[in-house]
Amino acid sequence: MSSKASSKEKKSGLGKKLFRRGSVRSVGSFMSRVLKTLSTLSHFGSELQPPEGEKDDGGFAAFKNEGKGSVASDDSDCGGFLSRDKVPGVAGLKNHGNTCFMNAILQCLSNTELFAEYLALEQFRGQTEEEDKPKANGVPRKEKGEVTEQLAGLVRALWTFEYTPQQSREFKSAVAKRAMQYRGNAQHDAQEFLLWLLDRVHEDLNNMGHNRPSIKPPIEEDDGALEGPSPPLSAGSFVQELFQAQYRSSLTCPHCQKQSNTFDPFLCISLPIPLPHTRPLYVTVVYQGKYSHCMRIGVAVPLNSTVSRLREAVSRETKIPPDQFVLTEMYYDGFHRSFCDDDDDLDIIQESDSIFAFETPETFKLESLRSKRGSLLANLNQNNLKFGNDSSRTPSFMQGAVNPASPNKNAGADKMILLICNRACIGHQGRRFGLPFVLYMERTVTWDVLQKAILEKMHHLLRQGVYIQVGPFSLRVVGVVGITYLLPQEEFPLCHPTVERAYKSCGAGGPPHVKIVVEWDKETKDYLFGHTEEEYIPDAESVYLHREQHHQPQACTLAQCFQLYTKEEQLAPDDAWRCPHCKQLQQGRIKLSLWTLPDVLILHLKRFRQEGDRRVKMQNMVHFPLVGMDMAPHMVKRSQSSWSLPSHWSPWRRPYGLGRNPDDYLYDLYAVCNHHGNMHGGHYTAYCKNSIDGQWYCFDDSEVQPMADEDVCQQTAYILFYQRRATIPSWSANSSVAGSTSSSLCEHWVNRLPGSKPPSLASGASSRRTSLASLAESMEFPGDRSEDDGEKRVYGAYYSAWFSILCLVYYVHILYFLYLSQCFFVILGACGT
């Protein structure tokens, strides 16, 4: 019994010794120590030290993200720049003296995902030994690519929180070396700088030897297609591959209907903004009557029309026949231009011009003068002034006065229309007073009769208690060269050669007339008429109506701008084109259309236009889509033999066929360059959508603020940056496929920048958040760390990841072995009992 008992105790003791839990805990403790050691090794040398020396940030504190602008905490396992409390790429730029145009363009390009990655990761660099070799002209390659080098460093600094004002100052200096117009602190157009910068980077890349083969679209043999191969779409650099495409210009012969096509590349499409079909003009109408009265009216005239259209508009508004009023220009000093030729271009009249329309009587003879006229006129004496106190009685010289507007149908050849205005003069200077009026006089009228008719029209302006029998004034004829004053000694002043020349100078539009200024001495004028100035002219309701309709900028859509851009137009007779088929000069129909589309589509809104002799800015609101802009309606209708662009630069850029996939025509907005102000002074800002957090930001030089999506479309939009939806990388927060998930953000190109921890190869898996997965993301061998050689760092990261995976596999095998051993001894113990 004792032996059996002892044997059982031995077996029992053996079993207790084999299956006690302490052994498993010891194994776990051992593996914990192993993982701890691996974790220590993984972080050894992985953190790069910041550059020595004090950083001059110039007061550019990095923007602290709040709410939507902050990176989710789940992405902290990505390491590097994404693990901080700031968003990469959200940093302002110092204004170095009117460089807001430059700062706005730099922010837009910095948020162009593929372009920023290409620059920040320095994918443009060739072999280092080739860069320092001098070219045939003795200029080193590195100096030739200085603008691109500075641009790449500036973009990289914006995404790594290392920007200092010195970097943007050096970039401006590099630009000024290559383009003298950007020296100094003058203001410049942002679109012109954008095109210059892209062209400069393209040349720099070509100098570095980064050329790509050219590609030609296929030849179509139908009448409406190509006559021959189009010029090659150069893919000589990454700039052209990313931003450049082609448009087609088609000329169609109206006789033979043959079409001639030419192809040209573009980096930016300049879209015209639709103008209103009419514009307002404001005209002061001088109506006929015993005492003239005036009213200012507003009319709408077609653009690019003639004076006859203005005459028709005034006639419709006033009910005056179009051949019964004179159009002229008047200001404070008297008459200026007359618009007598109805075929003149209406562009000679601006909205701000002071235009008058004088209603004239029908061109009939006046009634026979009253019998008393001769005796009354004989009593007039130019040097005789008579004053009295009875204001109620009518002046004696006006008894039996002639009504010059009374027509007579017997004859009309000896009548003349006179446009009269009064002017108070001091020396050669003078100012108009009172309302202008119209006289219809016989050509054989005497000086006294003419003087009496003028005074009759001015009777209502006389001061109370003042009577005048003669007019102490001078008459000056407007619109002639040489002698312009009519003398009292002339028996028939309207038959003077000066009047005859002025009368014959009238054009065919409106009735012929003569403009006369009645000039008064200032002291005499003040005594007779008091301090009467130019009388108040009321505005008709049409003035307020047209101001409200035309002074508010007309809103339009981006699609309407494209429709105007691709609208077919007929050539003018002076621009007639010789058709190569029928060999005759023809006024062909020309049409622009898009042949291919780039990955990044830049649209320039033409807000500045020439208006007469000055340039003005159009403040129209252009509504543009933020997502899903469809470019298919603006493309050339092509056959299915579409051609594809190559993809040499990034693994996510797939070849695409134009016309095969509808998504190839969809574009999403990611940046806007805004212009605030007018032609005399303005300011540029940028709205950009960050590819990490998907938030829109307003970049105003050094100031950066988050903004809502609905605030992006503004009246100040000047340049729009769109990216083809099919080419948006999956790691981008702007991608509609992946979104800003933890796995996609860890694949962002920022994680491949120097100083950033490389992401895990198994991103998105549950093991990613274990300590061993973190080891795989951050492991780097000290011997592989180099500031100048990025390839060693990448290879070291790959080796670290594989080493971590092997450790994980080894750890799993040990656990599995312990589990099998435990099961075996449990079964063995059960059998023994």
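For segment 347-357, give me each residue that is within 32 Å of the chain's Cα centre (by Cα) and buried (at least 19 other Cβ atoms within 10 Å of the Cβ).
Step one: of segment 347-357, the residues within 32 Å of the chain's Cα centre (by Cα) are 347-353.
Scanning segment 347-357 gives a single hit, Ile349.
Taken over segment 305-346, the criterion of being surrounded by 15 or more Cβ atoms within 10 Å (Cβ to Cβ) and at positive phi is satisfied by Gly334 alone.
Tallying residues that are modelled with pLDDT under 90 and surrounded by fewer than 19 Cβ atoms within 10 Å (Cβ to Cβ) within segment 123-153 yields 20.
Each residue in segment 334-349 was checked for being under 20 Å from Met295 (Cα atoms) and either outside any strand (DSSP E or B) or touching a residue at least 40 places away in the same chain (Cβ under 8 Å) (or both), and 5 pass.
So if I check each of Glu519, Glu569, which one is out of contact with any helix residue (DSSP H, G or I) (no Cβ under 7 Å at 6 or more places or on another chain), of a type outside the set (A, V, I, L, M) and in the same structural domain as Leu462 (by TED's automatic domain parsing)?
Numbers: Glu569 fails: in the same structural domain as Leu462 (by TED's automatic domain parsing).
When all the criteria are applied, what remains is Glu519.
Filtering segment 623-668 to residues that are over 17 Å from Thr596 (Cα atoms), assigned to a loop (DSSP other than H, G, I, E, B) and at pLDDT 50 or above leaves Phe624, Pro625, Leu626, Val627, Gly628. Just wondering, is there one or more residues in segment 544-553 that are touching a strand residue (DSSP E or B) at 6+ places or on another chain (Cβ under 8 Å), crowded, with 19+ Cβ neighbours inside 10 Å and among the polar types (S, T, N, Q)? No, the conditions are met nowhere in segment 544-553. Residues in segment 587-603 that are of a type outside the set (Val, Ile, Thr) and surrounded by 19 or more Cβ atoms within 10 Å (Cβ to Cβ): Gly588, Leu594, Trp595, Leu597, Pro598, Asp599, Leu601, Leu603.
The values are calculated or read from the model by the stated rules, or taken from the named source; none is laboratory data. The model shown is predicted, which means the values in this text are computed figures rather than measured ones. Note that each Cβ is placed from the backbone with ideal geometry, even for glycine, and that neighbours are counted across all protein chains shown.
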